[in-house]
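Enquirer: Below: one structure in structure tokens.
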Amino acid sequence: MNISSKRIRRIFPDGRFVEKDILVLNEHKLSVRVNGMLFCNLVCTGENLMELVAGHLLSSGLIEKKSEISSIFFCETKNNATVFLSKDFEWNENAKSEESCCPKNEQFLKIENSLPPEKLPPVDYKPEWIFALANAFSSDGVVHKYTSGTHICILARKGKPVFTAEDIGRHTALDKALGYMLLNDIPPCDAMIFTSGRVPVDMVEKVIRARVGILVSKSVPTSDSLSLAKKYGLKLFFRAWPDSYDCG
């Protein structure tokens, strides 16, 4: 289960308190081995784990297409995933990185030069697609409505949502959306991503590696993420609300 009930106290300035039951998220821990090597440890929610693993392979630069995945197996508890890819890599085993919003997400193996050398292909968009996603976000997120504890990432085509991922971290929510795109053969050039979270440079890198040309955020980017998006031709929209949005 993704949600548990916990008894808590709510404290007021005058010293009064009330006890009540609230719903909170359960953390799921997942270790991923790729071709026999420990690739990463992730903290996430316990659903859409196949999409999470596939999306993390894509956004980390290990793969570019679904056919490079030979198999993905999960143990009985779903705490361990074993991945076999059809190609080998020169691993940088001394590399260890942590994603900007998820200090317990650790990646132990990296490949060099994982960003593509060329810009993203040009993509067209209509402003109404951005507003449609902002409106979809306001009415989506079942787990968030009960817990206020998830980030939401929406995968869309021409402003129409096709998959919504909720997770503890914005990176794992993004990976789930990208994994759904990969596993369901949705062309990246047709895809749009909406995220509820901030957009630091590592989020932009993930989207560029996945070859998705449009990223929309309810929140804000950093200076570095705006520069990287411009360099690679990623259309980055932010402060996307039902009545307005910004673009770089």
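Enquirer: When only the heavy atoms of the protein chains count and the probe is 1.4 Å, how do Lys206, Lys78 rank by accessible area, highest first?
Expert: Lys78, Lys206
Enquirer: Any chance you could look up the accessible area of Tyr245 with a 1.4 Å probe, heavy atoms only, rounded to 10 Å²?
Expert: That residue has around 50 Å² of solvent-accessible surface.
Enquirer: Still on this model: Could you work out the local net charge near Arg16, counting Lys and Arg as +1, Asp and Glu as -1, over the other residues with Cβ closer than 14 Å to its Cβ? Write out the running numbers ahead of the final one.
Expert: Working: positive: Arg9, Arg10, Lys20; negative: Asp14, Glu19.
It works out to a net charge of +1.
Enquirer: Another question, then. Which order do Thr45, Thr82, Thr77 take by accessible area at a 1.4 Å probe, largest first?
Expert: Sorted descending by solvent-accessible area, the residues read Thr77, Thr82, Thr45.
Enquirer: Give me the distance in nm between label points sitting 7 Å out from Cα along the Cα-to-Cβ direction at Asp14 and Asp124, one decimal.
Expert: 6.4 nm
Enquirer: Under 8 Å for C-alpha pairs, at least 6 residues apart: give me the relative contact order for the chain, rounded to a whole percent.
Expert: Normalised by residue count, the contact order of the chain is 18 percent.
Enquirer: Before I look further, what does the chain give for accessible area per residue, probe 1.4 Å, in whole square angstrom?
Expert: On the way: 12640 Å² over 248 residues.
That works out to 51 Å² per residue.
Enquirer: With all protein chains present, calculate the accessible area of Asp21 using a 1.4 Å probe and round the result to the nearest 10 Å².
Expert: For Asp21, solvent-accessible area is about 100 Å².
Enquirer: Looking at the chain as a GNM with Cα springs under 10 Å, which of Val18, Val207, Val34 has the largest mean-square fluctuation?
Expert: Val18
Enquirer: Another question, then. Once you have the Cα-Cα distance between Lys231 and Cys247, take 0.36 nm times their residue separation minus that, and quote the gain in nm to one decimal.
Expert: 4.3 nm
Enquirer: Apply 1/(1 + (r/R0)^6) to the Cβ-Cβ distance of Glu76 and Asp21, taking R0 = 45 Å, and write down the FRET efficiency to the nearest 0.05.
Expert: E between Glu76 and Asp21, to the nearest 0.05, is 0.90.
Enquirer: Another question, then. If I build a Gaussian network model for the chain, linking alpha-carbon pairs within less than 10 angstrom, which residue out of Ser67, Ser31, Ser227 has the largest mean-square fluctuation?
Expert: Highest fluctuation of the listed residues: Ser67.
Enquirer: Using unit Cβ charges (K, R positive; D, E negative) and no other charged atoms, how large, in debye to the nearest 20, is the dipole of region 204-248 about its Cα centre?
Expert: That gives a dipole near 220 debye.
Enquirer: Restricting things to Cα coordinates, could you compute the convex hull volume per residue of the chain in Å³?
Expert: On the way: hull volume 36.0 nm³, N = 248.
Enclosed volume per residue, from the Cα hull, is 145 Å³.
Enquirer: Just to check I understand the Karplus step: with θ = phi - 60° and J = 6.51 cos²θ - 1.76 cosθ + 1.60, what whole-Hz values come out for region 214-229, glycine and proline as x?
Expert: Per-residue couplings from phi come out as 9, 10, 10, 10, 5, 9, 10, x, 9, 4, 5, 5, 5, 5, 5, 4 Hz.
Enquirer: Another one. Which entries of Lys29/Lys158; Lys65/Lys119; Lys78/Lys218; Lys20/Lys176; Lys6/Lys218; Lys78/Lys206 have Cα-Cα distances beyond 28 Å here?
Expert: Lys29/Lys158; Lys78/Lys218; Lys20/Lys176; Lys6/Lys218
The values are calculated or read from the model by the stated rules, or taken from the named source; none is laboratory data. In this text the structure is predicted, and so the values were computed from the model without any measurement. Using ideal geometry, Cβ is built from the backbone for each residue, glycine included, and neighbour counts are taken over all protein chains shown. For accessibility, only protein heavy atoms count, side chains too; no ligands or nucleic acids. Shrake-Rupley method; radii C 1.70, N 1.55, O 1.52, S 1.80 Å.
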